[in-house]
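Read-outs throughout are calculated quantities, based only on the coordinates presented, and are distinct from any laboratory measurement. This one's a predicted model, so the numbers in the text were calculated from it and none came from an experiment. Glycine also receives a Cβ, built like all others from the backbone with ideal geometry; neighbour counts cover every protein chain displayed.
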């Protein structure tokens, strides 16, 4: 009887040990899976760091190359400035951090300098910073810079004129907003800090207000802020604002989604290009700043690349960029890009 009890106890003990072994086996498998995941994450981080280092190296090399072009510029024409005197050049619509860095590499730091650019200066600077021809004129850098260098009295007069024009704005249609509700309107490609400041004087603070603009509102706002006719339409403020309302203003999330999908684009057929080789893609009718920004994020910078898009590429890019299906074909991006690429080659 004691022997049977002992055997029973041993079997019970073995069963417990088997259960423990199974549990430990599962834990080991889980730990191995975690280890594999950690190794993958480490590899991904290492790869990302290498890419970042490469991009930083390329950026430093590009800025050094640009700085070597200083001798081409006529500083007697537009003046000199030091870094200690620098203005926030990003206040000018069309100048982002990328271009600001390149201008700084040429010792161009102030609104005053840009306000004095001549046509010759613009051509030379375009070449020096490797920036697509026509963009400085298109974005009206000089006119914006001239407004920004006005003394306080002149600027106060401008702000007073804008404020007095509130009566011409149809707030019952676009909606009202308070300063504390303000969105960062500079997220809209084509709106710089200076334009945002003027819009705010009109109590236009939100993406939703801009998304509600009609043709009549566009005309009224253009006149009220003394802006360049046609720019609001050309830069697709309304379309951008509608998208920003749809995604609750979280442009960074949309851009991250696009960046994460970059692997779906096959560059074997399109060819590779770098940012410094970029063409002004907005010369393609139907392709505004907002779409250009997203194409650039995918590594698509040139007319030549767009001219090589196949129907499959178009389908993929439409999905990746989250643009209206059929837009690329309807606006004939490929045909327009082919013509622009050929013209560029002929000019060269």
message: Over all directions, the average projected area of the alpha-carbon convex hull for region 302-347 comes to how many nm²?
response: 3.0
- line: Taking the chain, the whole-percent share of alpha-carbon pairs separated by over 33 angstrom is 44
query: Label point 7 Å out from residue 187 along Cα-to-Cβ: which residues of region 309-344 have amide N under 17 Å?
result: 322
- request: Under a 10 Å cutoff between Cα atoms, tell me which one of 65, 23, 104 has the largest fluctuation in the Gaussian network model of the chain.
  value: 23
query: Once the piece of chain linking residue 41 and residue 8 is laid out straight, how much longer is it, given 0.36 nm per residue of separation minus the C-alpha distance between them?
result: 7.0 nm
- request: Treating the angle as unsigned and between 0 and 90°, give the value, to the nearest 10°, between the Cα long axis of helix 215-224 and the longest Cα principal axis of the chain.
  value: 60
- prompt: At residue 21 and residue 137, where each label point lies 7 Å from the Cα along Cα→Cβ, what is the point-to-point distance in nanometres?
  reply: 8.4
- prompt: So how far, in whole Å, is the C-alpha centre of region 192-233 from the one of region 272-348?
  reply: 28
- line: In units of 2.2 N^0.38 Å, the Cα radius of gyration of region 86-145 is 0.96
message: Please compute the Kirkwood hydrodynamic radius of region 251-347 from all pairs of different C-alpha atoms, in Å with one decimal.
response: 13.4
statement: Once both label points are put 7 Å beyond Cα along the C-beta direction, the residue 156-residue 322 separation in nm becomes 4.5
Relative contact order of the chain, defined on C-alpha pairs under 8 angstrom at six or more residues apart (%): 12
- prompt: Considering the chain as a Gaussian network with a 10 Å cut-off on Cα pairs, which listed residue, 202, 26, 309, attains the greatest mean-square fluctuation?
  reply: 26
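Given an 8 Å cut-off on Cα distances and at least 6 residues of separation, report the relative contact order of region 251-347 as a percent.
On the way: 96 pairs, mean separation 30.8, N = 97.
Computed value for region 251-347: 32 percent relative contact order.
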message: Defining a contact as two alpha carbons under 8 Å apart and six or more residues distant in sequence, what relative contact order in percent does region 150-247 show?
response: 32
Residue 75 paired with residue 219, simple spin-label distance in nm, labels 7 Å along Cα-to-beta-carbon: 4.9
- line: Per principal axis, largest first, the Cα atoms of region 168-230 extend in Å by 26, 25, 18
- line: Mean 1/r over distinct Cα pairs of region 176-286, inverted to a Kirkwood Rh in Å, yields 15.9
